1. Of all the strands (runs of 3 or more DSSP E) wholly in segment 164-233, which have at least 2 residues that are in contact (Cβ under 8 Å) with a residue 60 or more places away in the chain?
2. Need pairs with beta-carbon distance below 7 Å; first residue surrounded by 24 or more Cβ atoms within 10 Å (Cβ to Cβ) and within segment 93-115, second of a type in the set (Lys, Arg); sequence gap 6+ or separate chains.
3. Which condition number does Glu138 fail, the rest of (1) closer than 28 Å to Val218 by Cβ; (2) of a type in the set (D, E, K, R); (3) modelled with pLDDT of 95 or more; (4) loosely packed, with under 13 Cβ neighbours inside 10 Å being met?
4. Kindly indicate which of Val191, Val224 is in contact with a helix residue (DSSP H, G or I) (Cβ under 9 Å, 6 or more places away or on another chain) and either closer than 23 Å to Val112 by Cβ or among the charged types (D, E, K, R) (or both).
5. Considering each residue of segment 156-192, count those that are of a type in the set (Lys, Arg) and either touching a Leu at 6+ places or on another chain (Cβ under 9 Å) or under 14 Å from Leu226 (Cβ atoms) (or both), and give that number.
6. Among Val126, Val167, which is the only one that is modelled with pLDDT of 95 or more, among the aliphatic types (A, V, I, L, M), within 25 Å of Ile14 (Cα to Cα) and buried (at least 20 other Cβ atoms within 10 Å of the Cβ)?
7. What residue, among those in segment 119-163 that are free of Cβ contacts under 8 Å to residues at least 12 places away in the same chain and over 18 Å from the mean Cα position of the chain (by Cα), is nearest to Ser178 (Cα to Cα)?
Amino acid sequence: MAIIRSNEFISPGICKMTVAFTGAVLPGQFFMLRAWDKDPLLSRPISVHDYEAGKLTFLYQVVGKGTEILSCLKAQSEVILQGPLGNGFPQIVGDLCVVGGGIGIAPLYYFVKDYKKKNPQGNCRVYLGFRDSSYCVESFNAIADEVNLNIGGMITDQLKVASNEVVVTCGPEVMMKSVAKATPAENLVYVSMEARMACGIGACLGCTCATKYGNKKVCKDGPVFLSDEVFYV
């Protein structure tokens with residue numbers, strides 16, 4: 001159980017929740033959240049948007065009953081947290097290119113912030129794509145070396161990956177496939193996958209995805225994979 005510090009809409013359909021939390025949290029990990037008893041049955045998997053000592057932030061899209069309930073919670077109310085879960089992003093040495101689409105930008109902020117803290121001389125270029133209105137762009141501007149924005153189009157139309165960059169992307173699967181395709185074959189591309197989850201710990205097999213090494217569980221083996229592992233066809 002965690003106490004909510006703040007929970008507010010920052011854009012139409014997009015909420016940011018901050019809760020009190022202490023413990024180790026890696027960029028790219030997620031939590032299972034719930035604030036109800038039996039209906040809906042399942043908790044909701046939400047990635048970590050930011051973390052500082054004692055303060056954990058989630059950025060989420062209101063798309064159904066569970067997230068609607070979460071969006072109505074007020075400061076000082078309680079939310080049930082299970083986590084952190086998943087493997088998170090790898091430690092990157094060298095230059096970085098980050099591509100986020102829509103709510104897929106959520107886990108990328110903490111990742112970029114952590115990267116710049118550990119690699120102050122490393123160059124980080126960020127591409128952010130949105131269907132309608134943008135959000136959190138100012139936050140990325142404050143930590144990245146370069147931020148490219150696209151609203152209403154395809155962010156991959158602007159994408160130019162240097163041969164020395166590691167690419168990290170999160171967003172719609174079709175976008176991530178386009179990012180991988182637009183990246184030179186010798187570059188590493190990491191993708192953060194989304195999936196419907198029931199347990200979050202790999203027990204129920206509800207988030208199984210096919211990889212070139214056999215079926216894997218997004219919640220336990222991921223959510224971060226190398227692109228050629230999951231986009232292998």
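The values are calculated or read from the model by the stated rules, or taken from the named source; none is laboratory data. Model, not experiment: these values are computed from the prediction. Because the Cβ atoms are built from the backbone with ideal geometry, glycine has one as well, and the counts that use them run over all protein chains shown.
1. Details: elements: 165-170, 189-192, 208-211, 214-217, 224-226.
Fully inside segment 164-233 and qualifying: 165-170, 189-192.
2. Cys97/Arg125
3. Just one mismatch for Glu138, condition (1).
4. Details: Val224 fails: in contact with a helix residue (DSSP H, G or I) (Cβ under 9 Å, 6 or more places away or on another chain).
Residue meeting the stated conditions: Val191.
5. Quick first cut of segment 156-192, residues of a type in the set (Lys, Arg) only: 160, 177, 181.
Now narrow it down to the ones that are either touching a Leu at 6+ places or on another chain (Cβ under 9 Å) or under 14 Å from Leu226 (Cβ atoms) (or both): 177.
Number of matching residues: 1.
6. On the way: Val167 fails: within 25 Å of Ile14 (Cα to Cα).
It is Val126.
7. The initial filter retains those residues of segment 119-163 that are free of Cβ contacts under 8 Å to residues at least 12 places away in the same chain, namely 120-121, 138, 141-142, 157, 160.
This time we only want the ones that are over 18 Å from the mean Cα position of the chain (by Cα), so: 120-121, 142, 157, 160.
On the way: Pro120: 29, Gln121: 29, Ala142: 27, Asp157: 9, Lys160: 12 Å.
For segment 119-163, the residue satisfying everything is Asp157.
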